[in-house]
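Sharing a structure with you now.
The values are calculated or read from the model by the stated rules, or taken from the named source; none is laboratory data. Computed from a predicted structure; not experimentally measured. Ideal geometry is used to build each Cβ from the backbone, glycine not excepted, and the neighbour counts take in all protein chains shown.
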Amino acid sequence: MLDEKLARHKKRKKRILTGILAIVGILAIAVTVFFTAYVADCQITGSQYGQEEEIENELFSTPMDQRFFYQFFRKLTHSQKQLNGVASYRMEFSPDLSVKVIVTENPIIGAVSWEHNRYYFDRYGYVMAKNIDISSTVPVVDGSNFTNVSLYEQLGGVKSSLAEDILQLTQLLDDNEIAVDSISYDEKMQAVIALGDVKVSLGSRDNMTDKIAELCAILDSGELSGLKGTLHLENCGDGSTSSYIFDRE
């Protein structure tokens, strides 16, 4: 009798242990599937310049990046990828393993006219768009000195300071309410802006604030009205006795 009770007790313990192991196994499989599951669907919103596909490709560029939980973990630890052309983004995760990405893109600061196309780039020289209509006016840089210009790449053959120079110049022009037709840079990073029939040679970025202040004063005085030629402000602000020269055409 005692032996039968002991046998039944052992069987019961075995069934309980088997049940526990089965539950643990199922949980282990579920956890493994969850942690290794890939993103089922991705929706990119907020892009003004049609970069959705490029953003998705960059965000999920490796097999690990494509895992749902890995992206969720990166969000929790504030270690998300830095994306070209994107100032910031946030990710929303759904139980069906889908992800929604809301992006805020870098502002476009200029354009390059190259091989009959117009390429728009941000302050880091990253080309974000091509041949688009944008609400704000940006300076157009002559691309004849560029070795290559490609969409979704850094500007080729350009010194790293070019974007900083363009940003500085465009901000100064905007602050002084000076509307220009175009901006061009030569291989030595010397800037020239076009104002109707007048070209203004600004030279390097040195003393650019003084140069634009001088240009603003000249324009306000009306001295350039009806003239055609080149206004030289390269030496403005460097202590020269003559701040500018005008070459008539």
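List, please: which pairs have Cβ atoms under 8 Å, are six or more places apart or on different chains, and start with a residue in the stretch 128-149 that is of a type in the set (A, V, I, L, M, F, W, C) and part of a loop (DSSP other than H, G, I, E, B) and end with one that is surrounded by fewer than 14 Cβ atoms within 10 Å (Cβ to Cβ) and at pLDDT 75 or above?
The qualifying pairs are I132/G50; V149/E115; V149/N117.
Please verify whether M64 is of a type outside the set (K, R) and not assigned by TED's automatic domain parsing to the domain that holds F146, treating the condition exactly as stated.
Values: of a type outside the set (K, R): yes; not assigned by TED's automatic domain parsing to the domain that holds F146: yes.
Yes, satisfied.
Right, here's the next one. Of the residues in the stretch 93-127, how many are within 17 Å of I44 (Cβ to Cβ) and assigned to a loop (DSSP other than H, G, I, E, B)?
Of the residues in the stretch 93-127, 3 are within 17 Å of I44 (Cβ to Cβ) and assigned to a loop (DSSP other than H, G, I, E, B).
Just give me the residues in the stretch 64-91 being in a strand (DSSP E or B) and within 28 Å of L151 (Cβ to Cβ), in sequence order.
Scanning the stretch 64-91 gives V86, A87, S88, Y89, R90, M91.
Test S160 against the stated conditions and say whether it is surrounded by fewer than 12 Cβ atoms within 10 Å (Cβ to Cβ), of a type in the set (G, A, S) and either modelled with pLDDT of 85 or more or under 20 Å from Y124 (Cβ atoms) (or both). Write out each step before concluding.
Details: surrounded by fewer than 12 Cβ atoms within 10 Å (Cβ to Cβ): yes; of a type in the set (G, A, S): yes; either modelled with pLDDT of 85 or more or under 20 Å from Y124 (Cβ atoms) (or both): yes.
So S160 passes the test.
A further question on this structure: Do the conditions hold for L76, that is, is it over 23 Å from I193 (Cα atoms) and touching a helix residue (DSSP H, G or I) at 6+ places or on another chain (Cβ under 8 Å)?
Against the criterion (over 23 Å from I193 (Cα atoms) and touching a helix residue (DSSP H, G or I) at 6+ places or on another chain (Cβ under 8 Å)), L76 does not qualify.
How many of the residues in the stretch 32-63 are modelled with pLDDT of 90 or more, part of a helix (DSSP H, G or I) and of a type in the set (V, I, T)?
So the answer is 1.
If a residue must be surrounded by 14 or more Cβ atoms within 10 Å (Cβ to Cβ) and more than 18 Å from L169 (Cβ to Cβ), how many such residues does the stretch 111-143 contain? Please lay out each step first, then the result.
Let us first name the residues in the stretch 111-143 that are surrounded by 14 or more Cβ atoms within 10 Å (Cβ to Cβ), namely 111-114, 118-130, 132, 138-143.
Filter again for more than 18 Å from L169 (Cβ to Cβ), leaving 114, 118-119, 126-130, 132.
Of the residues in the stretch 111-143, 9 are surrounded by 14 or more Cβ atoms within 10 Å (Cβ to Cβ) and more than 18 Å from L169 (Cβ to Cβ).
Name the pairs whose Cβ atoms lie under 8 Å apart, with the first residue in the stretch 218-237 and over 15 Å from I193 (Cα atoms), the second small (G, A, S), and 6 or more positions between them or separate chains?
Taking only residues 6 or more apart or on different chains, the pairs are N235/G203; N235/S242; N235/S243; C236/S243; G237/S243.
Looking at I108, I102, which is the one that is β-branched (V, I, T), in contact (Cβ under 8 Å) with a residue 12 or more places away in the chain and surrounded by 19 or more Cβ atoms within 10 Å (Cβ to Cβ)? It would help to see each step written out before you state the result.
Working: I102 fails: surrounded by 19 or more Cβ atoms within 10 Å (Cβ to Cβ).
Selected residue: I108, the only one of I108, I102 that is β-branched (V, I, T), in contact (Cβ under 8 Å) with a residue 12 or more places away in the chain and surrounded by 19 or more Cβ atoms within 10 Å (Cβ to Cβ).
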